[in-house]
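Have a look at the structure below, then the notes.
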Amino acid sequence: MLLRSDIETNPQYYAFSGAFMTAVLRRILKKNASYLLVSLVFCLTAAFSNIALAGTIVRVSTTIGDYSIELLDDITPATVQNFLNYVNRNDYNGTYLHRVVDNFVVQGGAFRFQPFVGPIDVATDPPVVNEFMVSNTRGTVAMAKIDGDPNSATNQWFVNIANNSANLDSNNGGFTVFGNVLGDGLTILDAIDDLPVVALGFKAPNAPYIVETYTSPTEFVYMNVEVVQRFSSANHIYESVSGLLITSVNVDSGAELISMNFNTVASLTDVIIEANLVSVIPRKESFDGIATYSTTDTRLRIPSLEVNLNGSVSVINNVVFVLSDVALSRFTLESYDE
C-alpha cells in the first residue's frame with residue numbers, strides 16, 4: 001500500500017454521485033428486499049440530522065484530530081472564494097502548521113515538508129482585497145497578511161485561540177474573519193496550542209511538534225482541508241456528491257498512524273476509491289473505532305462509516321475495501337454490514 005506522506009503527487013479527482021449508496025441498494029435488491037427497506041436507506045436522517053448551516057463547510061483533519069469550519073460566504077465572499085480556490089486545488093492537503101503562538105493563534109496554509117528537500121512553498125494566488133467585517137474573537141478563522149498592507153492576504157490563515165479583537169480588529173486595517181470553528185473543534189485547536197514549538201526560520205517560526213524531543217519536521221502537526229456537505233463529528237465520513245472519503249487509519253497494528261482522504265473513481269460495476277497521496281499525514285494517537293489497514297491481506301477496514309447521500313445520512317458498519325490497483329493506490333469495496 002503506497003502510504004507515503006513524502007509523495008508530492010496530485011492525483012486525478014473523480015466524482016461519482018451516489019456510488020456507495022448505489023452499491024448498498026444493489027445488494028439489498030439482490031436479496032429481494034421490499035421497497036420499504038430501500039426507502040429506509042434514504043430516509044435514515046432523523047437520528048443523524050443537524051441544524052442547517054448557511055455557509056460552506058470545510059473539514060480540517062490534523063495530526064491531533066479533526067475539526068470543521070463554517071465559512072462566511074455572504075459576509076466575506078471574496079475571501080471565502082480565495083480560500084476555497086486553494087482548498088479545491090488540493091493546496092492545503094499535506095501542509096504543516098508553521099506558526100502557533102500560545103493563547104493567540106494557530107496558523108498554517110503556506111508550506112509542505114518534503115524529506116531530503118525541505119519546506120516547499122504552496123503557490124499563491126493574487127492577494128485578496130481586505131474584507132474586515134467580523135471581530136477576531138475566540139474560535140473565528142481569519143486570513144494572515146503582510147504587515148502594513150491590508151490587501152495582502154493569499155494562502156495563509158489562522159484560528160483565533162483567544163479573543164484577539166483588541167489587537168486584530170484595528171491593526172493593519174483589521175484582519176478579515178471568514179469563518180467560525182464548529183462544535184467541539186476548539187478542543188483540537190487548544191490541544192495543538194498546548195504542544196511545544198520549535199523555531200526553524202521564517203518557514204517554521206513557531207512550529208508545533210508531537211514528540212517529547214524534536215528531531216525532524218516529520219514530527220510537525222500536519223493538516224488536510226476538504227469541502228464537505230455537512231458538519232459531522234463522525235471519525236469516518238463518505239460524501240456521495242463529491243465522492244470524498246475522509247478517514248484515519250492504524251497501519252499494521254500501530255506501525256503507523258495516519259489520516260488521509262480518498263476520492264471515488266467512476267465505475268459501473270464496483271465502488272472504487274483512490275488514495276489522495278498528498279493527504280497522507282501522520283496521526284499522533286489512535287482512538288476507539290479507528291480504521292485499520294493490513295499489508296498482509298491488503299484490506300482497509302472501517303468499523304463505522306457515516307454516509308451522506310445528498311443530505312440523507314446513514315451509518316454503514318464493518319466496511320472493507322481491498323487494494324485492487326497498487327500502482328494507482330485504488331481500493332475496491334469488498335463487503336459491509338447492512
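Computed from label points 7 Å out along Cα-Cβ, the spacing between Asp149 and Asn172 is 1.0 nm. Subtracting the Cα-Cα distance of Ser304 and Glu334 from their residue separation scaled by 0.36 nm leaves 9.3 nm. Label sites at Tyr214 and Val101, each approximated as a point 7 angstrom past Cα along Cα to Cβ, lie 1.7 nm apart.
Note on the range 69-223: antiparallel DSSP beta bridges, both residues inside, total approximately 95 percent of the bridges counted. Overall, the range 224-338 carries a charge dipole of about 220 debye about its Cα centre when +1 sits on the Cβ of Lys and Arg and -1 on the Cβ of Asp and Glu, all other atoms neutral.
Estimated from the Cβ-Cβ distance and a Förster radius of 30 angstrom, the FRET efficiency linking Ser253 and Phe116 is about 0.55. Here the alpha carbons of the range 69-223 define both size measures, Rg and Dmax, at 14.9, 44 Å.
Expressed as a whole percent, how much of the Cα-Cα distance distribution for the range 222-310 exceeds 19 Å? Result: 39 percent of Cα pairs exceed 19 Å.
Here the scattering of the range 182-338 is modelled by Debye summation over its C-alpha atoms, one equal scatterer each and no solvent; at q = 0.11, 0.14, 0.18 Å⁻¹ the log10 of I(q)/I(0) is -0.49, -0.78, -1.18. Directionally averaged projected area (the range 77-152, Cα convex hull): 6.2 nm². The label-point distance for Asp270 and Asn88, in a model that sets each label 7 Å from Cα toward Cβ, rounds to 3.1 nm.
The numbers here are math on the coordinates, done by the rules we state, and not lab data. Since the model is a prediction, treat every value here as computed from it, not as a measurement. Virtual Cβ from ideal backbone geometry, glycine too; neighbours counted across all protein chains shown.
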